[in-house]
Amino acid sequence: MGSKSKIYHRSSLRKSSSSTLLFSVLITCSFFVIILLAFVILSIPNSSSDSPKAREVNNIVHHHTVESRKNGDDRGDHREVNSVIHHTVERKNEDDRADQWVEVISWEPRAVIYHNFLSQHECEHLINLAKPHMEKSTVVDEETGKSKDSRVRTSSGTFLARGFDETVRTIEKRLSDLTFLPVENGEGLQVLHYEVGQRYEPHFDYFLDPFNTKNGGQRMATVLMYLSDVEEGGETVFPSAKGNVSAVPWWNELSECGKEGLSVKPKMGDALLFWSMKPDASLDSSSLHGGCPVIKGNKWSSTKWFHVEEYKV
Ligand SMILES: *[C@@H]1O[C@H](CO)[C@@H](O)[C@H](O)[C@H]1NC(C)=O
């Protein structure tokens, strides 16, 4: 018993070479076991994100939600979706959407661009559905809750009923996948057309009156989809956004109006998601936004508003 305890004593280790050897072998073995364990643990989340299923933005979101339930660990997955800038994914699908990637542009307001969210075919389809029904855009009267003409909004537009056709249903499903908000909470898709000089003055998408929150409660999130490129102007601008608004890579391409805040340039197929509510569900006044006047070309866009509850149609 006395000699055994000496093994662990430094001075006696030097004396006993066989004990030293045994000790070294033990240490080496433990080291390899630890390395192996670390490798196995680290390779689990990696293998799921490398899976060929992770092709589209909506699939990534969906896929990871399912995976995280299985793994009981959702931290890594969500970090990937939330903070990734330039997450390029392979194009390989039945539709003709170009590479999709996600870009977080602001946290106040919470705003994200989903690049190539719609295919060119889908953009043209929405425009063609809406074209015969375009009417001068109105705004909601805060006192009566009814639509009224307005000088702050000079575009023309129309609503496509929720689930209007197969393409609309596909897009609405994809919108729900990306926002994690149910299809039933969405209003019908609004399609808008802005010609040269037409604009939408900065406003909030949430309501401060009791009429407009009767159906579905408050508006919570907005997805603006650009159905066309615009040669000049037509940016979506957030004049109250916090942070350095001139740090965006496209700063030099913005119109004067676009430089009055954080701006997104319309690009066919891109979708801009922003939240009218903070994570604590209070209204976010930094979500103030407008459509800059089109200077050259014309702008087609489509809006999806999500409410906090089911929006009945
Ligand atoms: C904002 O960003 C631009 C471009 O990165 C930089 O030149 C400028 O100095 C920044 N301004 C402030 C106030 O940080």
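Within the range 262-285, being away from the ligand (no atom under 16 Å from the Cβ), crowded, with 21+ Cβ neighbours inside 10 Å and farther than 12 Å from Glu108 by Cα holds for Val264, Lys265, Pro266, Gly269, Asp270, Ala271, Leu272, Leu273.
Scan the range 111-134 residue by residue and report those that are of a type in the set (S, T, N, Q) and not in a loop (DSSP other than H, G, I, E, B). Give the steps one after another, and end with the answer.
In the first step, residues of the range 111-134 are kept if they are of a type in the set (S, T, N, Q); the result is 116, 119-120, 128.
Of everything in the range 111-134, those that are of a type in the set (S, T, N, Q) and not in a loop (DSSP other than H, G, I, E, B) turn out to be Gln120, Asn128.
How many residues are under 26 Å from Ser155 (Cα atoms) and of a type in the set (S, T, N, Q) when one looks only at the range 171-193? Result for the range 171-193: 2.
Please work out if Gly197 is surrounded by fewer than 17 Cβ atoms within 10 Å (Cβ to Cβ), touching a residue at least 60 places away in the same chain (Cβ under 8 Å), in the same structural domain as Trp107 (by TED's automatic domain parsing) and within 16 Å of the ligand (Cβ to nearest atom).
Values: surrounded by fewer than 17 Cβ atoms within 10 Å (Cβ to Cβ): yes; touching a residue at least 60 places away in the same chain (Cβ under 8 Å): yes; in the same structural domain as Trp107 (by TED's automatic domain parsing): yes; within 16 Å of the ligand (Cβ to nearest atom): no.
Criteria not met by Gly197.
Restricting to the range 230-245, and then to whatever is of a type in the set (S, T, N, Q) and surrounded by 12 or more Cβ atoms within 10 Å (Cβ to Cβ), can you tell me which residue is farthest from the ligand (Cβ to nearest atom)?
Taking the range 230-245 as the starting set, the residues that turn out to be of a type in the set (S, T, N, Q) are 236, 240, 244.
Subsequent filtering for residues that are surrounded by 12 or more Cβ atoms within 10 Å (Cβ to Cβ) retains 236, 240.
Numbers: Thr236: 20, Ser240: 17 Å.
Among those residues, the one meeting the criterion is Thr236.
If only one of Phe207, Phe211, Phe306 is crowded, with 17+ Cβ neighbours inside 10 Å and in a loop (DSSP other than H, G, I, E, B), which one is it?
Numbers: Phe211 fails: crowded, with 17+ Cβ neighbours inside 10 Å; Phe306 fails: in a loop (DSSP other than H, G, I, E, B).
Only one candidate passes the filter, namely Phe207.
Being crowded, with 21+ Cβ neighbours inside 10 Å, within 16 Å of the ligand (Cβ to nearest atom) and part of a strand (DSSP E or B) is a description that does not apply to Ser301. Of Val223, Val191, all but one fail to be out of contact with any His (no Cβ under 9 Å at 6 or more places or on another chain), assigned by TED's automatic domain parsing to the domain that holds Ser263, assigned to a strand (DSSP E or B) and in contact (Cβ under 8 Å) with a residue 12 or more places away in the chain; the exception is Val223.
Within the range 246-261, the residues that satisfy the criterion of being part of a helix (DSSP H, G or I), within 12 Å of the ligand (Cβ to nearest atom) and of a type in the set (A, V, I, L, M, F, W, C) are Ala247, Trp251.
The values are calculated or read from the model by the stated rules, or taken from the named source; none is laboratory data. Bear in mind that the values here come from a model prediction, so they are computed numbers and not experimental data. Here the Cβ is made from the backbone with ideal geometry for all residues, glycine too, and neighbour counts use every protein chain on show.
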